[in-house]
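In what follows, a structure is listed as structure tokens, so that the remarks can point back to it.
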Ligand code: NAD
Ligand code: GLY
């Protein structure tokens, strides 16, 4: 097992461990050591519960445990699912010393984390992420919340968990398309600030695609260490944390234009990251060869890297204006300053953005 720490500014009391290893859900001593609470609410869904709920409940046999099964899917990342958890906590008369465990992907983690942030003005949460995306990104850093009918993640809170437990064995049952979508967020860390990790992902492609346990553990730990450092530096996204949105402004526009149905989030982020890197070429910061390498790496991990013809450049530019990073009408984009070294740019000429989008067509 590998243990990292998210070091938060207010000191050791808020800092927390990320435990990473194969089969950790079956390690009863570890579970006992990180779960001192007596009243436990496990939040999960049927997809995940059928594989992973039993070992967790067995390890908690001496405690009071309730389980909330949420409906699956982004359409249910809403206030109704959040209320389902609160109703269960109230019905069980759980007090302020109780614990919510999120067992599932990023959707479960975000909703359960938000319930922990708000039940009785805040109780403790613990994340057990079971998708690659959740293991490398959403379970770490304390962003919690649900969607509003008018937009994604519009309701939420920052609320750090007491620990993150990553059992890499859970990825064995993940559908291949979900695994690929998680790889988009993995590649993102290379593009943000880590050229040697980008090369490592090129070199180890076959092993990672085959779920080699040692490579997976190394890759996930590397991503978590990068994210932990970014969160430690900027917990509430006043600056550097925004870099985690590389490719996301373009990706969110593509998702919205296709009503969140055509692509998984990671797939849209893959296309968006290719566009952002291409914009780096147009701004004379990245070589054409490195932009070609970027598109090739996403494709190598079964991710899309081009924009279909039926989505117009004008429509993408229009949707991008809704991005949460826009300030005073000025679009702010996470872009390469050099290859694998990103920053935030405001006021990039619309013509350059247009050229970058046009250059990424199939
Ligand atoms: P998800 O939670 O919907 O999981 C994807 C699918 O895989 C679901 O059908 C789920 O039931 C299933 N699943 C989960 N684990 C499984 C397993 N081990 N075996 C078989 N099936 C399994 O999606 P996701 O990609 O994990 O998360 C996406 C969400 O994460 C989005 O809502 C996004 O906004 C959020 N997110 C949050 C943050 C953050 O910092 N909080 C960061 C990135 C993304
Ligand atoms: N996934 C973006 C963040 O945690 O800030």
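Of the conditions (1) over 22 Å from residue 132 (Cβ atoms); (2) in a helix (DSSP H, G or I); (3) at pLDDT below 95, residue 291 fails just one. Which one is it?
(3)
Of the numbered conditions (1) within 16 Å of ligand 2 (Cβ to nearest atom); (2) at pLDDT below 95; (3) in contact with a helix residue (DSSP H, G or I) (Cβ under 6 Å, 6 or more places away or on another chain), residue 252 fails exactly one; give the number of that condition.
(3)
Within 16 Å of ligand 2 (Cβ to nearest atom), in contact with a helix residue (DSSP H, G or I) (Cβ under 9 Å, 6 or more places away or on another chain) and either under 30 Å from residue 299 (Cα atoms) or assigned to a strand (DSSP E or B) (or both) - does that describe any residue in segment 164-176?
Yes, segment 164-176 contains a residue that is within 16 Å of ligand 2 (Cβ to nearest atom), in contact with a helix residue (DSSP H, G or I) (Cβ under 9 Å, 6 or more places away or on another chain) and either under 30 Å from residue 299 (Cα atoms) or assigned to a strand (DSSP E or B) (or both).
Of the residues 52, 82, 16, only one is farther than 30 Å from residue 261 by Cβ, surrounded by 14 or more Cβ atoms within 10 Å (Cβ to Cβ) and touching a strand residue (DSSP E or B) at 6+ places or on another chain (Cβ under 8 Å); which? Walk me through it before giving the result.
Values: 52 fails: farther than 30 Å from residue 261 by Cβ; 82 fails: farther than 30 Å from residue 261 by Cβ.
That would be 16, the only listed residue that is farther than 30 Å from residue 261 by Cβ, surrounded by 14 or more Cβ atoms within 10 Å (Cβ to Cβ) and touching a strand residue (DSSP E or B) at 6+ places or on another chain (Cβ under 8 Å).
Considering (1) crowded, with 19+ Cβ neighbours inside 10 Å; (2) without any contact (Cβ under 8 Å) to a residue 40 or more places away in the chain; (3) farther than 23 Å from residue 204 by Cβ, say which one residue 314 fails and leave the rest.
Only one criterion in (1) crowded, with 19+ Cβ neighbours inside 10 Å; (2) without any contact (Cβ under 8 Å) to a residue 40 or more places away in the chain; (3) farther than 23 Å from residue 204 by Cβ is unmet by residue 314, namely (1).
Say we look at segment 122-143 and pick out the residues that are more than 15 Å from ligand 2 (Cβ to nearest atom) and not in a strand (DSSP E or B); which of these is farthest from residue 112 (Cα to Cα)?
Taking the candidates together, the pick is 130.
Condition test on residue 208, is it in contact with a strand residue (DSSP E or B) (Cβ under 7 Å, 6 or more places away or on another chain), away from ligand 2 (no atom under 12 Å from the Cβ) and more than 30 Å from residue 316 (Cα to Cα)? Break it down stepwise before answering.
Numbers: in contact with a strand residue (DSSP E or B) (Cβ under 7 Å, 6 or more places away or on another chain): no; away from ligand 2 (no atom under 12 Å from the Cβ): yes; more than 30 Å from residue 316 (Cα to Cα): yes.
In short, no.
Of 299, 217, which residue is in contact with a strand residue (DSSP E or B) (Cβ under 7 Å, 6 or more places away or on another chain) and assigned to a helix (DSSP H, G or I)?
Result of the check over 299, 217: 217.
Do you know which of the residues in segment 243-256 that are in contact with a strand residue (DSSP E or B) (Cβ under 6 Å, 6 or more places away or on another chain), in a helix (DSSP H, G or I) and under 15 Å from residue 137 (Cβ atoms) is farthest from ligand 1 (Cβ to nearest atom)? Let's see the steps before the verdict.
Taking segment 243-256 and keeping what is in contact with a strand residue (DSSP E or B) (Cβ under 6 Å, 6 or more places away or on another chain), we get 243, 245-246, 249.
Checking which are in a helix (DSSP H, G or I) leaves us with 243, 245, 249.
Then keep just the ones that are under 15 Å from residue 137 (Cβ atoms); that gives 243, 245.
On the way: 243: 13, 245: 10 Å.
Here the residue is 243.
Looking at segment 1-107, what helices (runs of 4 or more DSSP H) fall wholly within it and have at least 3 residues that are under 14 Å from residue 129 (Cβ atoms)?
In segment 1-107, 46-59 are the helices (runs of 4 or more DSSP H) which contain 3 or more residues that are under 14 Å from residue 129 (Cβ atoms).
Only one residue in 301, 246 is within 16 Å of ligand 2 (Cβ to nearest atom) and either out of contact with any helix residue (DSSP H, G or I) (no Cβ under 9 Å at 6 or more places or on another chain) or under 29 Å from residue 205 (Cβ atoms) (or both), so which one is that?
None of the others qualify; the one that does is 246.
What is the number of the single condition among (1) touching a residue at least 60 places away in the same chain (Cβ under 8 Å); (2) over 18 Å from the mean Cα position of the chain (by Cα) that residue 95 does not meet?
Evaluating residue 95 over (1) touching a residue at least 60 places away in the same chain (Cβ under 8 Å); (2) over 18 Å from the mean Cα position of the chain (by Cα) leaves (1) as the failure.
Criterion first (out of contact with any strand residue (DSSP E or B) (no Cβ under 7 Å at 6 or more places or on another chain), within 16 Å of ligand 1 (Cβ to nearest atom), more than 30 Å from residue 172 (Cβ to Cβ) and modelled with pLDDT of 95 or more) does residue 234 satisfy it? Walk me through it before giving the result.
Numbers: out of contact with any strand residue (DSSP E or B) (no Cβ under 7 Å at 6 or more places or on another chain): yes; within 16 Å of ligand 1 (Cβ to nearest atom): yes; more than 30 Å from residue 172 (Cβ to Cβ): yes; modelled with pLDDT of 95 or more: yes.
For residue 234, the condition - out of contact with any strand residue (DSSP E or B) (no Cβ under 7 Å at 6 or more places or on another chain), within 16 Å of ligand 1 (Cβ to nearest atom), more than 30 Å from residue 172 (Cβ to Cβ) and modelled with pLDDT of 95 or more - is met.
Picking from 133, 171, 103, which residue would you name as being in contact (Cβ under 8 Å) with a residue 60 or more places away in the chain and within 26 Å of residue 198 (Cβ to Cβ)? Working first, answer last.
On the way: 171 fails: in contact (Cβ under 8 Å) with a residue 60 or more places away in the chain; 103 fails: within 26 Å of residue 198 (Cβ to Cβ).
Of the residues listed, the single one that is in contact (Cβ under 8 Å) with a residue 60 or more places away in the chain and within 26 Å of residue 198 (Cβ to Cβ) is 133.
The values are calculated or read from the model by the stated rules, or taken from the named source; none is laboratory data. Just so we're clear, the structure is a prediction, and the values are computed from it rather than from any experiment. Cβ sites come from the backbone with ideal geometry, for glycine too, and all protein chains shown count toward neighbours.
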